[in-house]
1. How would the chain be classified by its alpha-carbon gyration tensor: rounded, prolate or oblate, with rounded meaning a/c under 1.5 and the a/b versus b/c comparison settling the rest?
2. In whole percent, what relative contact order does the chain give with Cα contacts below 8 Å and a gap of six or more residues?
3. If I model a spin label at Ala37 and Val64 as a point 7 Å from the Cα along the Cα→Cβ vector, what separation in nanometres do I get?
4. At a 10 angstrom cut-off on C-beta neighbours, averaged per residue, how do the peptides 56-69, 24-37 rank from highest to lowest?
5. What 222 nm value per residue comes from the helices of the chain, counting each DSSP H run with n ≥ 4 as -39,500 (n - 2.57) and dividing by all residues, nearest 500 deg cm²/dmol?
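What follows is calculated from the coordinates using simple rules that are stated; it is not laboratory data. Just so it is clear, the structure is predicted and the values come from calculations on it, not from any experiment. Cβ sites come from the backbone with ideal geometry, for glycine too, and all protein chains shown count toward neighbours.
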Amino acid sequence: MGEELGRWAEPGLLVLTSLAEGPKHGYAITMDIAAQADVTLGPGTLYAALQRLEERGLIEGLPVQGRRRPYRLTAAGAAELAGQAQRMRRLATLSLDRLRVRPA
């Protein structure tokens, strides 16, 4: 895909990253993102990102379990996440090189 995720890029990338570990429902995604990225996504932001990612075929909903619906990364979602991560890595490396900052 390679196209930008638009203004939802940060929540979308956080959700894709969380789901790269395996299927999760909304609350588990929120808790994972909070623990790993120190970012709290509100319910409106989370569910808007889930809807947008699902519409684009980057994630898919699984059958409801009790009151919770888990989601999982699709092959297209994994490819998009890998591409975005590579671009972010290149930009971070370039930025640090130009600032003459070396990784610890």
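1. Details: a/c = 2.36, a/b = 1.78, b/c = 1.33.
Note, shape of the chain comes out prolate.
2. This gives 29 percent for the chain.
3. Distance between label points: 2.7 nm.
4. Details: 56-69: 13.2, 24-37: 16.1.
Packing proxy ranking, top to bottom: 24-37, 56-69.
5. Working: 4 runs with 61 residues, N = 104.
Calculated from helices alone, the mean residue ellipticity at 222 nm is -19500 deg cm²/dmol.
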